[in-house]
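Data block below; observations after.
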Amino acid sequence: MLRRLILTAALALPLCATAQSGEEVPFITTPDNVTLAMLQLAGVGPQDHVIDLGSGDGRIVITAARRFGARGLGVEIVPDLVARSRSAAAKAGVADRTEFREQDLFKTDLGAATVITMYLLPEVNLQLRPALLQLKPGTRIVSHDWDMGDWAPDETLTVDAPDKTIGLEKKSRLHRWMVPARAEGLWCGTAGTQLRISQRYQGVQALWQRGNRQWALQGRLDGAALRLLGADATLQARVDGERLHIAAPAADAVTLARASGERCPAG
Ligand SMILES: C[S@@+](CC[C@H](N)C(=O)[O-])C[C@H]1O[C@@H](n2cnc3c(N)ncnc32)[C@H](O)[C@@H]1O
């Protein structure tokens, strides 16, 4: 309830001119061209399950289903907006692929999402960030206008938004992140092969060891895909839960296991 009040108050600020009196929670719609740009930026397709957090009149989820063949869920705390969304989805012929729930976005299970969209507020994005970082590696997140603090987006673009109802500058900034796998820690192979990783969001620094030789590497995670570069070594790998598969170079192809302690077992 406290979160809802905070969000309500904060949303009301830029909306003073447009909020209708008596509206319990004011909302701002993402203009249609910006909705399309958000879904394109996320690379939404028929395999995707899109969850829009604070779905307003349902336009993002409905467009994801109608234009991109995705499935989608909108969570929205204002009952009237949920009803409007359901009826708009039926009119658009996508009721079978969309669902709208009257629900607090902070209490929503996001586990099924392959794409999360949001048009909220900077502080709300930050509150959501820990939960978003726990999502399946590779889940794409697109936020309209607001970023997520020191978790730098993988891509940001600015689009013209002549129909935007707030702000003097009729432009929208769109940010995209891909949830990185959890690679932090020590990964062990046999015969003195190990990879020690220190991770900050999608950024990675690593020490690669084979027998008596060591290489300092750095790189990034794109979802589960890990690329590491050093002065004279390059590794391409994939994090799969408790296993890390090094695929290239072929001579280094090996599967490592996440260490349970501070050191790899001898041998
Ligand atoms: C800025 S609007 C965005 C609407 C829609 N996503 C769009 O982009 O057109 C934010 C929406 O979040 C809803 N909202 C605010 N707090 C919420 C909460 N705690 N849980 C679910 N929805 C919430 C508001 O009612 C509002 O409709």
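Read-outs: derived from the displayed coordinates by stated rules, not from any lab. Treat the numbers as computed from the prediction; the structure is a model and nothing was measured. Every residue, glycine as well, gets a Cβ built from its backbone with ideal geometry; the counts of neighbours run over all protein chains shown.
I want the antiparallel fraction of DSSP beta bridges within the chain, as a percent rounded to 5.
Numbers: 52 of 70 bridges.
Here the share of antiparallel DSSP bridges comes out near 75 percent.
Could you calculate the contour length gain from ARG200 to ASP222, that is, 0.36 nm times the residue separation minus the distance between their Cα atoms, to one decimal place in nm? Please list the in-between numbers first.
Details: separation 22, 0.36 × 22 = 7.92 nm, distance 1.28 nm.
Answer, rounded to one decimal: 6.6 nm.
Semi-axes of the range 205-267's equivalent ellipsoid from the Cα gyration tensor, sqrt of 5 times each eigenvalue, largest first, rounded to whole Å? Mind showing how you got there, number by number?
Working: eigenvalues 61, 49, 26 Å².
Semi-axis lengths for the range 205-267 are 17, 16, 11 Å.
Would you kindly calculate the translational diffusion coefficient of the range 84-135, applying Stokes-Einstein with the Kirkwood radius from alpha carbon pairs, for 4 °C and a viscosity of 1.567 mPa s, and quote it in µm² s⁻¹ without decimals? Spell out each step's value before the answer.
On the way: Rh = 12.9 Å.
Estimated via Stokes-Einstein, D reaches 100 µm²/s.
Quick one: compute a quarter of the convex hull surface over the Cα atoms of the range 30-183 and quote it in nm².
On the way: hull surface 34.5 nm².
Mean shadow area of the hull around the Cα atoms is 8.6 nm².
Per q in 0.08 Å⁻¹, report the Debye log10 I(q)/I(0) for the chain, using one uniform scatterer on each alpha carbon and no solvent.
Taking Cα atoms of the chain as identical point scatterers yields -0.40.
Take the Cβ-Cβ distance between GLN214 and LEU133 as r, set R0 to 45 Å, and report the resulting FRET efficiency rounded to the nearest 0.05.
On the way: r = 30 Å, r/R0 = 0.66.
Once the sixth-power term is evaluated, E becomes 0.90.
Determine the principal axes of the Cα atoms in the range 160-230, then give the extent along each, sorted from largest to smallest and rounded to whole angstroms.
Sorted from largest, the Cα extents of the range 160-230 read 62, 19, 15 Å.
Return one number: the angle in degrees, 0 to 90 and rounded to the nearest 10, between the long axis of the Cα atoms of helix 32-42 and the longest principal axis of the Cα atoms of the chain.
Here the helix axis deviates by roughly 10 degrees.
Counting other beta carbons within 10 Å of each Cβ, put MET118, MET38, MET178 in order, fewest first. Before the final figure, lay out the partial values.
Details: MET118 26, MET38 29, MET178 21.
Placing the least packed residue first, the sequence is MET178, MET118, MET38.
Could you give the nm distance between label points at PHE106 and ALA152, where each point is 7 Å from its Cα heading toward the beta carbon?
Result: 3.0 nm between the two label points.
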